[in-house]
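Notes follow the structure.
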Amino acid sequence: MKDLVLKGFVKSFAESLDMPPEVTAEIFEAFSTSVILRKYHENDLDEITDVLMGGGNDGGIDGAVILVNGRPVRSPEDLEFFGKRLRRLSFDFIFVQAKTSPEFDAGGIGTFLYGVSQFFSDDPQIRFNDEVEALRKLKSKVYDMSAAMDENPSCYAYYVTSGVWNNDPEPSARLQDGKRALNATNLFSNVDVKPVDAGLLKDVYRELKRGVTREIRFDKTAVFPSIDGVDEAYLGLLSGREYLNLISNDAGKLNRDLFYDNVRDYQGRNPVNRDIAATLGGEAVNRFPLLNNGITIVARSISRTGDNFRVSDFQIVNGCQTTHVLNDYRSAITDDTFIPVKLVVTNDSDIITEVIKATNWQTAVMPEALESLTPFHKEIEDFYNSEDATQPREARIYYERRSKQYYFDPIPALNIVTLTAQTKSFVGMFLNEPHSHPRYYGELLKAYEHRIFVADHKPAPYFASGLAFTLVQRMINNGTLPRSMRKFVYHFLMLLRIHLMGYAMPKMNSDKITAYSLGLIEKLRDKPGLKAVSANIAGEISDALSVFGGSVDGNAPDRLRSFTELLLENVQKEPESEAEPPPLVVGQEETGELRWFDDVKGYGFIDRDLGGDIFVHITSLVDVPWKKRQKGSRLIFSVSDGRKGPEASSVKLSN
């Protein structure tokens, strides 16, 4: 690569993921795909390598992802989940081809765009590898959901090189030919084919690294009185035009990356948004501040000169619908349009969490958007901080329970465990279900809601799984483990736990699980020992793949429960450390003690006097007063057949 500045940026990206510093084709593909997704689609993937197609038979496609309402989908379960949760579905298909060569080769462009068009063909004339075929299968299911779309999906294709785009006739003609071919399919509402050269790539990377800073005139304000933990806070009316400047990127388009993750789903032209639009476009526009609940902005720092505010590192944590409607009706914004705005300046994580939770409590947002704001996630974060306090800074890992919590901190990406990574790591390592990893984390939270992030769980196993995730990723990235293991990271975590600590494990709410997890953490930090056992596990997975064979019904082995079961069969299972409790018998009446109950989530667990526990839903506690729904309350209940298995019903206080 001749461009030394771009080469330096790619090396910096590689180092943040503990990859070798050499600018290989694979690292450049990962870098380019990451930058494009963050810049043009406001999507910062936890595991960028998951969207790289790699190997042969990729149709000239290096990276590909399907987004629904801005979120990546990787499984049919994801599509089903979003189909049930979202009123309005918007799909984007994104394809990237990245070349370290400085040339925009017309033949390479043609091959890439032909591969994209064949991706959508019912009878492709070229062969695709398993990764591309899995995405093609998902594509078909996307179009089965057309009735839930306001318009056809959009298609974006980016051809990236380390050279300079000069709009030469032949490459330009190939781009336009490819765009016409995609438009001719009538599958898309929009097709965008874009060349990305070294200059644009560098500009975008610089912009992403420096964060977001905007200057606004905010002259109609009232200052909040002093609040502990808050540097400054203002309540006032902001000019609509100033607000548009605040929320727009350098290209003048809405910067979706400003929204707190998952509290950013535009609900389309629902009744509320139609009313907002009618007010903006009508004669009563001056009443807008009276009729609108307003926008809440949290910033890490501001500098003020008179009425001019320079706002840095900020997020919009409430007001997604208003913001989208304002953006859609830019032409209707006049000097008489004012927006109610609350601006909070703080670096206190707890206060930011409280503001996000309080301002969105009555808003129609995805449930997982507020999941990590619960007290248990704070407990996990505190455990991360205390357990890693004695580690060197470069070895510390951080739990990002709040979206973009460390976005502007100089922490390597691989040292941050996001909520998505925490969820998948725990499911793989401690629930022995690594094949669930392609599913959207919100769908996993729903599917495992009684088995993960439960209020009386101990935080130690969550830290252990997060630590193991970062260590395995690091070994794959730096070449200690073969790259072929990348798709089996969560299977690796499952086998690591079993090899290091044995198959059986204590209950997640017991003190024994803390001791068990601390022992696991100690062994994970033994570098020579971890390296040796990891080499054995890589061999076990490779051997299992040889026996298992290839994909089944278009699903690769890493997505299949049957492959997980094969891995477990090859591991020597120990007898369970604790005797099994008596089975639950539907219709039987039992007694027990309420272990915990979460009135926000609406469920809890009862410890049975016979041994074991049983799930209880809020609807079964109508005869138990609120003040008695606490730990230690004696209860009598019947066992019934619930949606996900046995649960307590007809619960009453025991005399």
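The values are calculated or read from the model by the stated rules, or taken from the named source; none is laboratory data. All of these numbers come straight from a predicted model, not from anything done at the bench. So basically every Cβ, Gly included, is an ideal-geometry build from the backbone, and we count neighbours across all protein chains shown.
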In the stretch 579-598, anything in a loop (DSSP other than H, G, I, E, B) and either at pLDDT 80 or above or surrounded by 12 or more Cβ atoms within 10 Å (Cβ to Cβ) (or both) is listed as Pro581, Pro582, Pro583, Leu584, Val585, Val586, Gly587, Gln588
Apart from one, (1) free of Cβ contacts under 8 Å to residues at least 12 places away in the same chain; (2) under 24 Å from Asp144 (Cα atoms) all hold for Ile66; the odd one out is (1)
Exactly one of Asp609, Asp641 is acidic (Asp, Glu) and over 24 Å from Ala447 (Cα atoms), and that residue is Asp609
Residues in the stretch 536-568 that are of a type in the set (Val, Ile, Thr), modelled with pLDDT of 90 or more and closer than 27 Å to Ser140 by Cα total 1
The residue that is surrounded by the most Cβ atoms within 10 Å (Cβ to Cβ), considering only those in the stretch 610-631 that are under 37 Å from the mean Cα position of the chain (by Cα) and assigned to a loop (DSSP other than H, G, I, E, B), is Leu621
Among Leu175, Leu135, the single one that is in contact with a helix residue (DSSP H, G or I) (Cβ under 7 Å, 6 or more places away or on another chain), in contact (Cβ under 8 Å) with a residue 12 or more places away in the chain and not hydroxyl-bearing (Ser, Thr, Tyr) is Leu175
**Message:** Can you confirm whether Leu238 is assigned to a helix (DSSP H, G or I) and not assigned by TED's automatic domain parsing to the domain that holds Ile66?
**Reply:** no
By residue number, the members of the stretch 93-128 that are out of contact with any Gly (no Cβ under 8 Å at 6 or more places or on another chain) and charged (D, E, K, R) are Asp105, Asp122, Asp123, Arg127
Residue within the stretch 461-475 that is more than 21 Å from Met501 (Cα to Cα) and within 17 Å of the chain's Cα centre (by Cα) present:
no
Those residues of the stretch 281-320 that are aliphatic (A, V, I, L, M), more than 28 Å from the chain's Cα centre (by Cα) and within 21 Å of Asp219 (Cα to Cα) come to a total of 4
Per the list (1) surrounded by fewer than 20 Cβ atoms within 10 Å (Cβ to Cβ); (2) modelled with pLDDT of 75 or more; (3) not in a loop (DSSP other than H, G, I, E, B), residue check on Lys357 breaks on (2)
Reported set for the stretch 3-30 where residues are hydroxyl-bearing (Ser, Thr, Tyr) and within 20 Å of Met475 (Cβ to Cβ) is Ser16, Thr24
